[in-house]
Amino acid sequence: MAALLLKRLTLQTVKTENNCLRRYLGKYILHETLAARLPLGASVPRLSHLIHAKAFGTVADTQDERKKKRKSAPAFSNIGRKIHERVIHVLDEAGNDLGNMHRADVIRLMNERDLKLVKRDSGAEPPQYQLLTGTQIHKEQLRLRELEKAHPKPGPALTKELSFSSNIGQHDLDTKTKQIQQWIEKKYRVQITIKKGKNTEEPEHKMEEICNQILQTMPGIATFSSRPQAVRGGKAVMCVLRHLSKKEENAYRETQGTQKGDPLNTENRNNQESDVVHQ
């Protein structure tokens, strides 16, 4: 009698735990089965070993999919009828303030007037939404795209690297200078490393002079982001060039205009240009 009760209790326990695991973790497979009969005086058998089988859909997977959809969704778009907040602040298609509304009332209004809902300010309390027609949404999306094209977000400046010897020939130097100018015009930073030539007797500042020579070929375009400095224990010199900012370009143009209008400044033109370029 005791063995029969133990058997029923064990089966009921396994069934209950298995259902719980299925509900919260997914599907499981029973690896070992209980003995068919229990002899008198036998101890309660161990629970079966369970092998986890990943469920086809879990809460974590659903949340990840939602995050991906939110990232890929346009910044200004129809959210449909999936309003997560219970109460929201609503504007109509003409911009009139309708005040705070329950989401059920908002959905009813959308159906009655054939309108769509877009999010305006998710940081407000409660969040602000607006009812718009499909045409209004399309026009606003086009306006935002044109605005982004006109004022693109500045990204991190990319750097190009160039390295050569100080005993480079003039033709090769001219070729590299043209390449540097093309990169500068595309708003790249250019890191130049000039290595000291082997088996050559050259002036002490020749490597630094080459850096300055390259910069002088691009007046009103480039300046030093990092001035020439010795690296590798003095065996090389490195500098970084960048494109002039709008402010620097305007200052250079103003200087050029002043010099052209005043013949007394002709003799000092080169010095003033150098000051602007190297600021």
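The values are calculated or read from the model by the stated rules, or taken from the named source; none is laboratory data. Quantities reported herein were computed from a predicted structural model and do not represent experimental measurements. Don't worry about glycine lacking a Cβ; one is built from the backbone with ideal geometry, like all the others, and counts go over all protein chains shown. Side chains are part of the model used for accessible areas, which takes the heavy atoms of the whole protein and leaves out ligands, DNA and RNA. Shrake-Rupley method; radii C 1.70, N 1.55, O 1.52, S 1.80 Å.
Residues in the stretch 109-131 that are in a helix (DSSP H, G or I) and surrounded by fewer than 11 Cβ atoms within 10 Å (Cβ to Cβ): N111, E112.
Among the residues of the stretch 228-243, is any polar (S, T, N, Q) and within 21 Å of S163 (Cα to Cα)? Yes - at least one qualifying residue is present in the stretch 228-243. Of the set (1) loosely packed, with under 10 Cβ neighbours inside 10 Å; (2) modelled with pLDDT under 50, all apply to T58 but (1). Any chance you could count how many residues in the stretch 81-104 are open to solvent by less than 70 Å² (accessible area, probe 1.4 Å) and not small (G, A, S)? So the answer is 12. Test E249 against the criterion of being surrounded by fewer than 18 Cβ atoms within 10 Å (Cβ to Cβ), assigned to a loop (DSSP other than H, G, I, E, B) and out of contact with any helix residue (DSSP H, G or I) (no Cβ under 9 Å at 6 or more places or on another chain), and give yes or no. No. Under the condition of being in contact (Cβ under 8 Å) with a residue 40 or more places away in the chain and either of a type in the set (S, T, N, Q) or out of contact with any helix residue (DSSP H, G or I) (no Cβ under 9 Å at 6 or more places or on another chain) (or both), the residues counted in the stretch 75-107 number 5.
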